[in-house]
Every structure is written in C-alpha cells, then in structure tokens.
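Inspection log for the structure reproduced underneath, given as structure tokens.
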C-alpha cells in the first residue's frame, strides 16, 4: 500500500468569522491523482491553497512528507510542491525565459537552469516555441507553458486549480494528456480541483466531492458516479433518473415500476428508498427488448440532440431520461411514438430515503 504524502486533520478556514471550509480530514497517497470536485463556491480552491501552504488554515493540522506543517517548515515543504492556477500567468519574456523563472527563484546555477528548460520543453513538444514571445501564444499554448514552468521545478506534489477552465476542448485534451503522463512517468502526486465532473472521472484515481465547505463523499470514480451517497451528490454527478420508491415483496418499486431486487440491507417491506439510474445505462428500442433486461413499454415525450448523443424523454410509468449515441441508433424518436426501454438490474443504485 502506498504511503500517505499528505494527511489533513480537522483543517478549516474562516473569513471574517464565516467558516468557508468546515473541519476536514483527508489523506492523499503517494503517486495518486485525487480530484476534488464540487460546485462553484464549495471551498475547493481555498482548501487547495491551504494544502499548498500558500494560505494558513484557521484551525487543524497538516502533515506533508511526514513532517508537520508549521510556520518554520512551510517554506521548505512548499519547495517540494508546485501549483498550476486557472488563470494563465505569462511574463513579457520568451517562452524559455518564462519556463526558467521558477528555477531562478530556487537559486539553481544558470547552466543547470538552461538544461532543465531545454529538457522540459523537448519532453512536452514545445521546443519550437522556445524563443517566441510568451504573450503572443494562444490560451492553450500559454497554459501549457505555465505547466512546463511548474514541472521544471520537479515537484513531488502538484496542485492543479481548475487548470482547463478557460481552454477550448482540444487544448483541454492536450493538457489532460500531459497531466496523465507526468503522473505515470514521474509518479508525481497530483491534486486536481475542478467543477468538471467528467474531467475528474477521466483523470482521477479517487474523487472527493465537496459541497458547502465539506466533503460529502470520497471514493473511486465508480463509487462516486455510480453509487452516490445522496440525492444531492447524484444530481451533481449527472444522474438524471432519480425516483422515490419503496420495497415491496423483495422488489424496489416506484409508481408500480419494478426496478430491481431489493439489496439485502434494504430488504424490509415498506422501506422507503431513492432509486437512481444513469440515463446512459438505459436501452431504447422501437422493437422491444429481449436480452433479459427489465423492460417497459413507453411513449416518447421529448427528443433532442446533445452533441453526438440523443436525449429522449420517455413516459413509462415514471418519467425516464434516456441518452443514446445518435449515430448508433440511426432512429428518430418523435414525441408520441411508442418505444421500449430496458436496463440491467445491476446498474440500479438504491439508497435509504432519509428525507
């Protein structure tokens, strides 16, 4: 098992007597990518600045690299870490000089600085930009240069604060590939703050969901996206089909629709539950579904393109939202049309209704 490089205990932050980050506990393993996701204003950036020792906590303790963080140790510990911010910061110098800047503050000999800059630009496929003025670059190129500047310092822990928030999809993909490569090749521990749930799912080994200054769920991508602990988390991670229901004769039921067998922990007759089913886990057909899935006849009530996908609303006892690849279906689903929907029992997530 990997050792913990960061351990946070009771960490909290207040501004003008208002607590914006409530006491948190968290351990970050060496070499992992941890994504902190949540809506704007959840406290993600504040937490990240505290963990990077840029901003002091109002209370709580941190141990980083096995050493307690204090006023005396913070500067030394920070020297082994790096942060890439959401806003690209470039100076009116060449690309190479921008990348070298972080090394200059670390008092490295000039020859070693030049060698490191050339090495990181070559590694990231940016050598051809070395003598360009940094402020002539596109937004995507500029953020890659900012990333190169951080990586040139060879951080053991890398903090990424909404690194692709202002980038186009192509630039986002390029930067995400660089993040993954840095983690895999150098075993760099990476902590990523993002409101883009899909990005967290693509990149992270573990995901921490933060809402209103607190962690509400921490787990693998599969646990968070397919087994959320609450309706609030489910809605945030994009689960569109959420129904109130109850257990009846060993089945989980809502509006006379039987979704699956009741899990053992919720098998009591009459137990109130919440039923969750991802839209992309539902099959849609005009001809019936015969592959052993639970299936229902229904009527299309809405249909709309969403990029490469088709989002279809179906009334089948409950109001279902179904997402299918547009090209794969080849079908047009018009309101009023009769269809069949189906799902495997194992993709239904059921939790107790605590409301």
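Using the alpha-carbon atoms, what tilt in degrees (0 to 90, nearest 10) does helix 110-123 show relative to the longest principal axis of the chain?
Orientation of helix 110-123: about 30 degrees from the principal axis.
What is the extension gain from residue 19 to residue 105, computed as 0.36 nm multiplied by their sequence separation minus the C-alpha to C-alpha distance, in nm to one decimal? Don't skip to the answer; put the middle values down first.
Working: separation 86, 0.36 × 86 = 30.96 nm, distance 3.42 nm.
So the chain would gain 27.5 nm between residue 19 and residue 105.
Dimensions of segment 239-352 along principal axes (Cα, Å, largest first)?
Cα extents, longest axis first: 43, 24, 23 Å.
Any idea how far apart residue 122 and residue 187 come out in nm if each label point goes 7 Å out from Cα toward Cβ?
So the two model labels end up 2.4 nm from each other.
Using helices alone, what [θ] at 222 nm do you get for the chain, with -39,500 (n - 2.57) per DSSP H run of 4 or more residues, divided over all residues and rounded to the nearest 500? Walk me through the intermediate numbers first.
Details: 10 runs with 91 residues, N = 355.
Taken over the chain, the calculation gives -7500 deg cm²/dmol.
Give the angle, between 0 and 90 degrees and rounded to the nearest 10, that separates the Cα long axis of helix 139-151 from the longest principal axis of the Cα atoms of the chain.
Around 60 degrees separate the two axes.
Go from 0 up to the bin containing the longest alpha carbon distance in the chain, width 20 Å each, and give me the % of pairs per bin.
25, 46, 25, 3
At a threshold of 8 angstrom on Cα-Cα distance, excluding pairs fewer than six apart, so keeping six or more, what relative contact order does segment 246-308 reach in percent?
Numbers: 43 pairs, mean separation 16.0, N = 63.
Reported as a whole number, the value is 25 percent.
Sort 209, 332, 247 so that the residue with the fewest other Cβ atoms within 10 Å of its own Cβ comes first and the one with the most comes last.
On the way: 209 26, 332 10, 247 20.
Taking fewest neighbouring Cβ atoms as first place, the list is 332, 247, 209.
Assuming R0 = 30 Å, can you tell me the calculated FRET efficiency for the pair residue 285 and residue 242, based on Cβ-Cβ distance, to the nearest 0.05?
0.80
Explain nothing, just the number: relative contact order of segment 77-162, from Cα pairs under 8 Å at least 6 residues apart, as a whole percent. Provide the component values of the computation, followed by the final result.
Details: 110 pairs, mean separation 49.2, N = 86.
Relative contact order for segment 77-162 comes out at 57 percent.
R0 = 25 Å: FRET efficiency of residue 337 with residue 232, Cβ-based, nearest 0.05? Mind showing how you got there, number by number?
Values: r = 34 Å, r/R0 = 1.36.
The calculated FRET efficiency here is 0.15.
Suppose a student asked you for the relative contact order of the chain, using Cα pairs under 8 Å spaced at least 6 residues apart; what percent would you report? Write out the running numbers ahead of the final one.
Working: 695 pairs, mean separation 55.5, N = 355.
Relative contact order for the chain comes out at 16 percent.
Between helix 95-104 and the chain, what is the angle of the helix's C-alpha long axis to the longest principal axis, kept within 0 to 90° and rounded to the nearest 10?
70
If each of residue 196 and residue 3 carries a label point 7 Å out from its Cα toward its Cβ, how far apart are those two points in nm?
Here the modelled spin labels are 3.4 nm apart.
Report the extension gain between residue 40 and residue 261 in nm, rounded to one decimal, defined as 0.36 nm multiplied by the number of residues separating them, less their alpha carbon distance.
Values: separation 221, 0.36 × 221 = 79.56 nm, distance 3.73 nm.
Stretched out fully, the residue 40 to residue 261 stretch lengthens by 75.8 nm.
Can you sort 97, 119 by how many other beta carbons sit within 10 Å, fewest first?
Values: 97 16, 119 12.
Arranged by neighbour count, lowest to highest, 97, 119 become 119, 97.
May I ask you to sort 290, 153 by Cβ crowding, counting other Cβ atoms within 10 Å and putting the fewest first?
On the way: 290 10, 153 19.
The most exposed by this proxy come first: 290, 153.
Given R₀ = 41 Å, what would the calculated FRET efficiency be for residue 205 paired with residue 299, taking r from the Cβ atoms and rounding to 0.05? Mind dumping the intermediate values first?
On the way: r = 43 Å, r/R0 = 1.04.
So, using R0 = 41 Å, E works out to roughly 0.45.
Bear in mind that the values in this text are calculations on the coordinates, not laboratory data. Just so it is clear, the structure is predicted and the values come from calculations on it, not from any experiment. FYI the Cβ positions are ideal-geometry reconstructions off the backbone, even for glycines, and counts take in every protein chain you see.
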